[in-house]
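Worksheet: the structure to be examined is printed underneath.
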Amino acid sequence: MSFDGIFIHALVHELQAKLLHGRIQKVHQPYKQEIVLAIRANSQNHKLLLSSHPSYARVQLTTMQYNNPKNPPNFVMVLRKYLEGSILESIEQVENDRILHFTFSHRDELGDLQNIVLIVEIMNRHSTIILLNKETGKILDAIKHIGFTQNTYRTIIPGVEYRTAPKQSGKNPFTLQETEIFEILYTAQDLSARFLQENFQGFGRDTAEELAYRLKRKFNEKLRVWHDFFISLESTKPSLYENNDKEWFTPIAFLSLGESRATFNSLNELLNAFFTDKAEKDRTKQQAGDLLHRVKVERKKNQAKLKKLQAALDDTENAEDYRRKGELLTTFIAQIPKGVNFVELKNYYEDDVLIKIALKPSLSPNQNAQKYFQKYQKLKKAVRIVKEQIEQTKQEILYLKSVESQLELATPVEIPVIFEELQAEGYIKARPQKQKKAKPSQPAQFQASDGTKILVGKNNLQNDRLTLKMAKKTDYWLHAKNIPGSHVIVESSQPSDETLTQAGMLAAYYSKYRYSAQVPVDVVQVKHIRKPNGAKAGFVIYEGQKTILVTPSQEMVDQLKK
């Protein structure tokens with residue numbers, strides 16, 4: 001992949017066509033390194049994502065859903081002050097570098113018109129977003145502050161005069177005269193990708209390798225190949241490639257990469273397809289990391305507890321031996337001398353084989369017998385308690401495994417709901433909230449090919465509410481067999497086999513079996529499901545089910561999305 005100067009050059013034209021002269025309606029900072037501008041332009045609403053993420057820094061129009069933090073960061077508050085209600089006047093790329101300037105016209109408190117520039121510098125781990133007063137050239141704020149001790153070339157803090165990032169070496173390929181291009185191409189000893197990157201601005205490695213590939217194929221027509229390449233960028237053909245588990249996105253068809261996996265109508269659609277899964281997984285990993293660690297620690301504690309309880313249960317297996325010894329002592333009490341350490345008696349439970357029974361010399365034979373009966377009663381009672389504790393611990397482990405599974409499959413939007421669930425279950429101490437209680441999150445909605453509505457719970461609280469409160473008794477319930485996963489409800493009393501298969505694919509997809517084939521899924525009507533008293537969220541028992549085998553796929557899930 002290359003979000004390089006060449007790609008940005010093409011993207012700027014697309015953004016200009018969609019966003020210029022639009023009004024900024026809202027500004028959000030859903031994540032530490034990302035800003036989303038809600039823009040109304042050309043009678044349409046757009047969401048412009050500006051990211052300074054070290055791995056996924058980019059600019060794009062996005063369709064992804066975001067959760068905004070309850071307490072907005074300082075940077076977004078400054079952005080709201082200067083940008084909300086402003087008009088986007090221009091979008092410019094600095095030469096052919098990975099730097100974009102978004103210029104807005106804004107009226108201050110006195111009604112005077114100001115020009116505000118939002119600068120996005122895409123430089124891997126040095127990527128940043130800076131808000132600048134165009135007239136004074138001073139920084140109003142930045143998404144991350146950089147002091148003199150961190151960077152001797154320039155500081156990025158409010159009130160400091162903005163200094164541009166170091167410029168790329170090489171010449172801008174879009175402004176070069178033909179004679180200059182001819183001289184560089186025909187005097188080069190080796191037209192390699194590295195040579196192109198060293199002599200021209202904005203070439204990422206993939207783009208440079210593509211142009212070098214084309215030049216070498218038609219070595220005697222270098223100038224025409226050069227012109228054809230840059231002319232093709234004027235009418236982009238956004239493409240997605242995959243090879244050896246690696247993906248590339250390109251603004252035009254890259255001959256060096258072979259057949260494309262998919263093509264798109266716009267560069268922004270391409271970026272959504274490429275980054276949605278990758279960036280979402282990365283954000284989910286960041287947000288869910290702490291929760292996942294807590295859940296795993298809690299699960300391991302319970303697994304250690306289960307081992308100890310199992311060992312305690314093994315010890316209680318001696319209970320029947322104590323009862324028998326007490327019976328034997330009572331039966332042969334007249335034959336037992338006082339003050340001895342042990343006695344050997346015929347064991348009529350085992351064909352009169354002699355059995356050695358330990359005694360306390362300080363106790364009478366009858367008292368020794370009673371001691372054995374007391375131990376028997378104590379162990380018998382312990383068996384019941386330990387078995388109950390083992391069952392509770394097993395349920396606890398199953399519940400924690402289900403939460404782990406949900407966290408691994410969750411999107412950033414779903415993480416806060418799982419956090420609330422863990423608070424409700426007592427795994428996380430709830431902090432006092434002054435805000436109004438949020439409405440319960442809703443299950444995901446899908447639609448079978450025949451129009452039947454299918455609902456999928458995305459966490460255990462949703463699973464409980466969906467199965468036990470929202471679903472009708474005649475609806476059908478599905479769940480991946482013997483594995484943590486989502487509850488799936490088919491809102492029909494007589495669903496077709498095709499609908500049940502599609503619902504089964506959803507149940508398998510939203511479980512630990514997501515990437516497996518021939519996944520067993522249990523199917524049963526809701527009326528056959530019940531929740532045991534005191535059971536954890538999401539845990540139910542059922543009977544009368546049938547099991548179907550399905551193979552989940554991302555493509556089918558996308559088709560079923562309502």
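Taken together, the values in this text are just the output of simple stated rules run on the coordinates, not laboratory data. Everything quoted here is computed from the prediction, not taken from an experiment. All Cβ positions, glycine included, derive from the backbone under ideal geometry; neighbour counts span all protein chains shown.
Using the Cβ-Cβ distance between Phe174 and Gln44 with R0 set to 25 Å, the FRET efficiency works out to roughly 0.30. Packing here is the average count of other Cβ atoms within 10 Å per residue, and on that basis the peptides 68-77, 198-207, highest first, run 198-207, 68-77. Taking amide H as placed 1.01 Å from N in the peptide plane, the amide H of Ser2 sits under 5 Å from that of Phe249, each at least 5 places away or on another chain. A simple rule links phi to the HN-Hα coupling: the Karplus curve 6.51 cos²θ - 1.76 cosθ + 1.60 with θ = phi - 60°, which for the stretch 546-551 gives 10, 10, 10, 10, 9, 10 Hz, with x for Gly and Pro.
If a/c stays under 1.5 just call it rounded; otherwise compare a/b with b/c (prolate if a/b is bigger, oblate if not). Do that for the stretch 47-106, with a ≥ b ≥ c from the square roots of the Cα gyration tensor eigenvalues. Oblate, since a/c reaches 1.5 and b/c is not below a/b. The lysine pair count for the stretch 106-232, using Cα distances under 29 Å and pairs eight or more places apart or on different chains, is 11. Taking Cα centre as origin and charging only the Cβ of basic (Lys, Arg, +1) and acidic (Asp, Glu, -1) residues, the dipole magnitude of the chain rounds to 3000 debye. Separation of the stretch 67-91 and the stretch 305-327, taken as the distance between their Cα centroids, equals 67 angstrom.
Highest mean packing first, where packing is the average number of other Cβ atoms within 10 Å per residue, the peptides 478-486, 88-96, 38-46 line up as 478-486, 88-96, 38-46.
Across all Cα atoms of the chain, the radius of gyration (one decimal) and Dmax (whole number) stand at 34.7, 123 Å.
Take the Cβ-Cβ distance between Gln189 and Ala273 as r, set R0 to 35 Å, and report the resulting FRET efficiency rounded to the nearest 0.05.
For Gln189 and Ala273, the calculated efficiency is 0.30.
Taking θ as phi - 60° and the Karplus parameters 6.51, -1.76 and 1.60, the scalar couplings of the stretch 443-454 work out to x, 6, 10, 9, 9, 5, 4, 8, x, 5, 7, 10 Hz in sequence order, x denoting glycine and proline. Computed from Cα positions, the angle between helix 178-187 and the longest principal axis of the chain comes to roughly 60 degrees. In loop segments of the stretch 109-181 as defined by DSSP, the trypsin sites (Lys or Arg not before Pro) with at most 12 further C-beta atoms inside 10 Å of their C-beta are Arg163, Lys167. With the convex hull drawn around the C-alpha atoms of the stretch 5-142, the volume per residue stands at 112 Å³. For the stretch 293-436, dividing the convex hull volume of the Cα atoms by the residue count gives 159 Å³ per residue.
Seen against the Cα atoms of the chain and their longest principal axis, helix 74-83 is set at about 40 degrees.
What's the local net charge at Val225, with K and R +1, D and E -1, over the other residues with C-beta under 12 Å away? Overall, the nearby charge balance is +3. Amide H contacts under 5 Å for Ile146: Ile156, Ile157, restricted to partners 5 or more places along the chain or on a different chain, H placed in the peptide plane at 1.01 Å from N. The angle between the Cα long axis of helix 497-509 and the main principal axis of the chain comes to about 90°, on a 0 to 90 degree scale. Checked against a 23 Å cut-off, the cross-linked pairs Lys278/Lys512; Lys26/Lys561; Lys387/Lys429; Lys387/Lys536 give Cα-Cα distances beyond that limit for Lys26/Lys561; Lys387/Lys429.
Let me have the 222 nm mean residue ellipticity of the chain computed from DSSP H runs of 4+ only, each contributing -39500 (n - 2.57), with the sum over all residues rounded to the nearest 500. Walk me through the numbers before you get to the answer.
Details: 13 runs with 209 residues, N = 562.
It comes out at -12500 deg cm²/dmol, rounded to the nearest 500.
Averaging Cα coordinates gives a centre for the stretch 379-396 and one for the stretch 1-39; these two points are 59 Å apart. Note that the stretch 356-365 has calculated 3J(HN,Hα) couplings of 8, 10, 6, 10, 9, x, 6, 9, 6, x Hz, one per residue in order, obtained from phi through the Karplus relation 6.51 cos²θ - 1.76 cosθ + 1.60 (θ = phi - 60°); glycine and proline are x. Amide H contacts for Met123 (H built 1.01 Å from N in the peptide plane; partners 5 or more residues away or on another chain; cut-off under 5 Å): Thr128.
Loop only by DSSP, 13 or fewer other Cβ within 10 Å of the Cβ. Give me the GluC sites (Glu not before Pro) in the stretch 287-341 that pass, ordered by residue number.
Loop-located and lightly packed - none at all.
The calculated P(r) of the stretch 444-560, using every Cα pair and 10 Å bins from 0, goes 15, 53, 29, 3 in percent. Run through all the Cα pairs of the stretch 178-263 and give the fraction in each 5 Å bin from 0, expressed as whole percent. So the P(r) values, bin by bin, are 3, 14, 24, 26, 18, 10, 5, 1, 0.
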